[in-house]
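What follows draws every value from the coordinates through simple rules; no lab data is involved. All values derive from a computational prediction rather than experimental measurement. Every residue, glycine as well, gets a Cβ built from its backbone with ideal geometry; the counts of neighbours run over all protein chains shown.
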Amino acid sequence: METDWGRMISANYVVDPDLIKKYIPKGTELELYNDTCYVSLVAFLYSNTKLMKVPVPFHRKFEEINLRVYLKRKIDENEWRSEVVFPKLYFPKRAVSIVANSIYKENYETRRMRHSWSEDADALHTSYGIKKQGWHQISIVTGKEAQAVKEDTPEHLFSKHYWGTAQINDKKCTVYEVDRSEWKIYETLESDVSFDFGTVFGDEFSHLSNAQPESVQLFDGSPVTVYRKAVL
């Protein structure tokens, strides 16, 4: 898949590692920041999308909302690679969900979605919504100047989506590469997360509905190519 990912909101929550053990594929382990385990509610916009290098009418621009877990995989004796796994993902386009579930073995569901992008003299206004037993929405107001993400920060962990993995069964997983440039981050001025996590992502995440995220950021995004690399 070739596409542009734009205006990516990431709302980041501290969770007990035991909560997400069942989502960790074989060969990986949780990647923590300062011994803290995070999951992130992420929303962004696809545009200029091509499936198998072919533009598909009415399937070029659409939203994605997902919940992600941060992992690492040992590549050799002295090297670890950061990866992410998704307990649940959503597209508003059924054909795209079918392709993603078939090729990448992900857990996409198709639901009605919406987004709003605007700006004024001083700020960017960005929001995404999904309808599942009512509307759920995440929104953020930021400054207009994006800056490089500093290393050795939680934001660096949240922006390191260069490799994804999906569990096929207890013994196998799919691993795929996301080829893109480094993202920049905007200064957060205000944010709001109005989500029923239990309804959208499952009962084990329902307590996040009443929790305050540790942080909410907006990343600028970039053109990306998603490859299927291997089944391990």
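Here are some notes:
- Taking GluC sites (Glu not before Pro) as exposed when their DSSP state is a loop state and no more than 10 other Cβ atoms lie within 10 Å, the longest site-free interval of the chain runs over 152-232.
- Inter-site label distance for residue 170 and residue 156 at 7 Å from Cα along Cβ, in nm: 3.8
- Options [x] 117; [y] 170; [z] 127 - which one matches volume of the Cα convex hull per residue in Å³ as calculated here: [z]
- Fully extended contour minus Cα-Cα distance, from residue 229 to residue 30, at 0.36 nm per residue: 69.5 nm
- Relative contact order of the chain, defined on C-alpha pairs under 8 angstrom at six or more residues apart (%): 24
- Filtered trypsin sites (Lys or Arg not before Pro), region 1-95: DSSP coil and at most 11 other beta carbons within 10 Å: 53
- For region 95-232, a/c is not less than 1.5, where a ≥ b ≥ c are the root eigenvalues of the C-alpha gyration tensor, and a/b does not top b/c. That puts it in the oblate class.
- Under Karplus coefficients 6.51, -1.76 and 1.60, residue-wise ³J(HN,Hα) of region 76-85 in Hz, glycine/proline x: 8, 4, 10, 9, 10, 10, 6, 9, 10, 10
- Spin-label pair residue 196/residue 214, simplified geometry with 7 Å Cα→Cβ offset, distance in nm: 2.8
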